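All remarks here apply to the structure that follows.
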Amino acid sequence: MKQTRRKKFISLVLAGAMLFMNCMPAAAAANTLTMHDSSPITSGAVLKNYTWDISDGAVKAAVLEIDLTDPYVQLEVVPGKGQFTQRATVTAMASRTDAVAMVNGDFYNTKAEGAPIGTTVIDGELVSSQSYLKGVYCLGITGGGTAYIDEFSFEGKVTAKNGETYGLSGLNKTFYWEETTGLHSHLGRLHLYSDIWGGSKRGMDSYVGTPAEVMVKNNRVIEVAFDGGFDSAVPEGCYILHGDGNAADFLKNNVAVGDSIQIDYSYAPMKDWQMVIGGHALLVDQGKPVSYTKDLSALGGVRARTAAGISKDGKKVYIVAVEGRTSDSAGITLGNLSLLMTKLGVWKAVNLDGGGSTAMVSRPLGSTERERVIDPERNGSERSVVEGLGVFSTAPAGQVKGIFISGAETLLIGETAAYSIRAYDQYYNPVKNLNTIELTEENGLGTLSNGKFTAKQAGTASLKAVNGSVSTTLPVTIIGKEGISQLKLSVAEGNFIDDSTHQVKAEVTLKDGTVKPVNGNALEWSVEGFDGTIDANGLLTIGQLGSSKDGIVKASYDGFESTLKLKFADGNMIQLTIDSKTLMKNNQPVPMDVAPSIVNGRTMVPVRFIAEALDGMVDWNAELQTTYIAFNGNMVEMPILSDNIYVNGEQVTIDTTSQIVNGRTMIPLRAAAEGLGLVVSYDNDTRTITITQPE
């Protein structure tokens, strides 16, 4: 059996560990604490956001104030994913339990299984005992709705059927070094684990020997594992006694399957505790900052912080989260955290796990979803922690008290925007049945259907949401011509040919410089100088151009006019279709003996037919295996199977080479056309290639 060894106390490796600090408040921290907003989040709970400029930098702090005299608000401890050892982020815990708000809780050993170091009581039941540490405090709330911050203790014993007893050292504890004795928490000790412990191992590290474990249900031993323990979590409704050294011998020598067994334990102070969460040292006592009494080697510096405080009468709880080491908030020292708590009016306060563990989420008024109130340290991701302290509501559904309308507050004529409604009831909880709220537009400046408003006239529309005597309005500015400085029309590049269609787009520049697209149906359209029409949505259809070389498209927005000049194709227009042996020249068919094809993603065309259709010249040098194409003063030389071509004597590298197919020279169209100054477009739907000569 491994002998008990004494070891100098080693501090728990606590989440949020870093740096040493001066634990007293900085003198420069006397600057004004400014509250920026305050909002109820449920009946009996208010979220307040503060900033504080101190010597360490600007600080953001979020404070949840909980009024315990309100019958509908509760504070509860939430284990990670539902059990100890199963860590989760604060956001995940709040979502899983539908908490109104939540903050991270107790400290824990980051190198162990994942269990709180302090006392934890959930729904009136002790689920984690106090570690044997000095000067560690917990926040507790009684059944009568009074909060206390106090030191807790634990004691217990196990009595076997034969009357032999052994001391019980803890409930659901991971390994640590006891400050009160300097000994290892599990060496020679007996520990109890309930089904809230989700891990398959219990308090195991390199210091302990081979444990013995006993499974108990309804005060009777149902199974034993004397050589290493059970390799599973605690089954529902059961307990596991875990012993090392002398404690393991006690189990082996005195306990057998089928035996009755008595497990007794208690914790103090003795009150009607409904909720207890562990913390660390005190920050404030009797309304005044106090020096931090715990080792600061793992807690010092300017960091993110989490804390809990209470009022003098114990009827109000303050849950505080300070953002740290982000772009918006420097963080604070523990000394300044103490000072902050006194500025908030706290009578007594305890430090909770901070640093990278600090996180707070809250449900905005009227919303069913929670949002981060502060960002994690260094603007990183949330850390998974062992437990959270959540705010919950037990209020019934109440009458609608307030309504919010969300959506665009500035629209153009013809623009459509979606609007959403959220509402809260008399208990400041979200109204889930929003069908009882009617949304209308009061000024007749547009149409509203299924939550979507379409602006029709310039002016200020008024969207109104009503439920009985409760209503709210959202003014929506519909911008007319006096609000814009420019109307710009544009059309995608293409070939303006007979019977073609083109989408004309419009955008306006507002007087404040904002650029917004304009729905085509908000404009009055017309065309001039050519045979064409344009519909209410800005779709331009060209008829028979004949000799027309250009034309104009006009648009007017609430009387503000703009024009777009179009240049039509001049000269020959060639159209080809992939895998088709018919070439269209100015809408007239010309047969070919080789069809265009796609090679390595590039369009290959028979050079001679293309050149002649454009009234250009083509020549072939058999000795040099090179095609020469001349058109409109440009010359392109294209050697067969070469990565280089020559445009007016200048070398250009291409990615698809010329080839000879069925006795015809096939060239990469785009490379040749661009060298000759031609414009090429491709319609993917019809697989049609159009070649034109720009003006």
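The values are calculated or read from the model by the stated rules, or taken from the named source; none is laboratory data. Since the model is a prediction, treat every value here as computed from it, not as a measurement. Positions of Cβ are backbone-derived with ideal geometry, glycine not excepted, and every protein chain shown enters the neighbour counts. The accessibility values were calculated without ligands, DNA or RNA, using every heavy atom of the protein model including side chains. Shrake-Rupley method; radii C 1.70, N 1.55, O 1.52, S 1.80 Å.
The radius of gyration of the Cα set in the range 97-158, together with its Dmax, comes out at 13.2, 40 angstrom. Every Cα-Cα pair in the range 287-335 was counted, and those over 17 Å apart are 48% of them. Ligands, DNA and RNA excluded, the heavy atoms of I310 present near 10 Å² of accessible surface to a 1.4 Å solvent probe. The trypsin sites (Lys or Arg not before Pro) found in the range 159-221 that occupy coil by DSSP, while having at most 16 further C-beta atoms within 10 Å, are K161.
Mean projected area of the convex hull spanned by the Cα atoms of the range 243-382, taken over all viewing directions: 14.4 nm². Provide the solvent-accessible area of R383, counting protein heavy atoms only and rolling a 1.4 Å probe, rounded to the nearest 10 Å². Spelled out: R383, probe radius 1.4 Å, area about 90 Å². Extension gain, T533 to S485: 0.36 nm times the residue separation minus the Cα-Cα distance gives 14.6 nm. Accessible surface comparison of M215, M617, probe 1.4 Å, protein chains only, largest first: the order is M617, M215. Evaluated at q = 0.17 Å⁻¹, a Debye calculation over the C-alpha positions of the range 238-304 (equal weights, vacuum) places log10 I(q)/I(0) at -0.88. Using a Förster distance of 45 angstrom, determine the FRET efficiency expected from the C-beta separation of I263 and T436, and round it to 0.05. After rounding, the FRET efficiency stands at 0.25. Note on I660/I552: beta-carbon distance plugged into 1/(1 + (r/R0)^6) with R0 of 35 Å gives a FRET efficiency of 0.15.
With every protein chain in place and a 1.4 angstrom probe, the accessible-area ranking of E213, E155, largest first, reads E155, E213. Computed extension length for S500-H36: 161.1 nm, one decimal, from 0.36 nm per residue of separation with the Cα-Cα distance subtracted.
In the range 186-316, the inverse of the mean reciprocal separation of distinct Cα atoms equals 18.1 Å; this is its Kirkwood hydrodynamic radius. Helical content alone sets the calculated 222 nm signal of the chain at -1500 deg cm²/dmol, taking -39,500 (n - 2.57) per DSSP H segment of four or more residues and averaging over every residue. Rg and Dmax of the range 63-106, based on Cα coordinates, read 11.5, 34 Å.
For the set R422, R378, solvent exposure ranked by accessible area (probe 1.4 Å, protein chains only) runs largest to smallest as R378, R422.
Applying a threshold of 27 Å to the alpha-carbon distances of K316/K464; K456/K516; K111/K343; K81/K173; K343/K401; K60/K516 flags K316/K464; K111/K343; K343/K401; K60/K516 as lying beyond it. Every pair of different Cα atoms in the range 360-411 enters the Kirkwood calculation, which places the hydrodynamic radius at 14.8 Å. Beyond 51 Å, the tail of the calculated P(r) for the chain holds 45 percent of the Cα pairs. Using R0 = 41 Å, the C-beta based FRET efficiency linking E236 and Q399 works out to 0.50. Cross-link reach is defined here as a Cα-Cα straight distance under 20 Å, omitting same-chain residues fewer than 8 places apart; for K252 the aspartates and glutamates meeting it are E164, E213, E223, D227, D231, D244, D264. Applying D = kT/(6 pi eta Rh) to the range 422-496, where Rh is the Kirkwood radius over alpha-carbon pairs, T corresponds to 4 °C and eta to 1.567 mPa s, the Stokes-Einstein value obtained is 84 µm²/s. Separation of the range 111-186 and the range 622-685, taken as the distance between their Cα centroids, equals 84 angstrom. Taken over the range 447-591, the convex hull of the Cα atoms encloses 152 Å³ per residue. Taking label positions 7 Å along the Cα-Cβ direction at both D579 and T563, the computed distance is 4.7 nm, reported to one decimal.
A crude spin-label estimate for the pair K456 and R378, with each label 7 Å from Cα along the Cβ direction, gives 5.8 nm. With each label modelled as a point 7 angstrom along the Cα→C-beta vector, the E674-A417 pair spans 4.2 nm.
Extension gain for the segment V599 to Y682, taken as residue separation times 0.36 nm less the Cα-Cα distance, is 28.4 nm to one decimal. Using bins 5 angstrom wide from zero, how does P(r) for the range 334-428 break down, in % of all Cα pairs? Percent of pairs per bin, in order: 2, 9, 12, 14, 15, 13, 14, 11, 5, 3, 2, 1. Evaluating 6.51 cos²θ - 1.76 cosθ + 1.60 at θ = phi - 60° for every residue in the range 33-44, the Karplus couplings come out as 7, 10, 8, 9, 7, 9, 8, x, 10, 6, 4, x Hz, glycine and proline recorded as x. V647 exposes around 30 Å² of accessible area when a 1.4 Å probe is run over every protein chain in place. In order along the range 143-154, phi translates into HN-Hα couplings of x, x, x, 10, 9, 9, 10, 8, 7, 10, 9, 9 Hz, rounded to whole numbers, per the Karplus curve 6.51 cos²θ - 1.76 cosθ + 1.60 with θ = phi - 60° and x for Gly and Pro.
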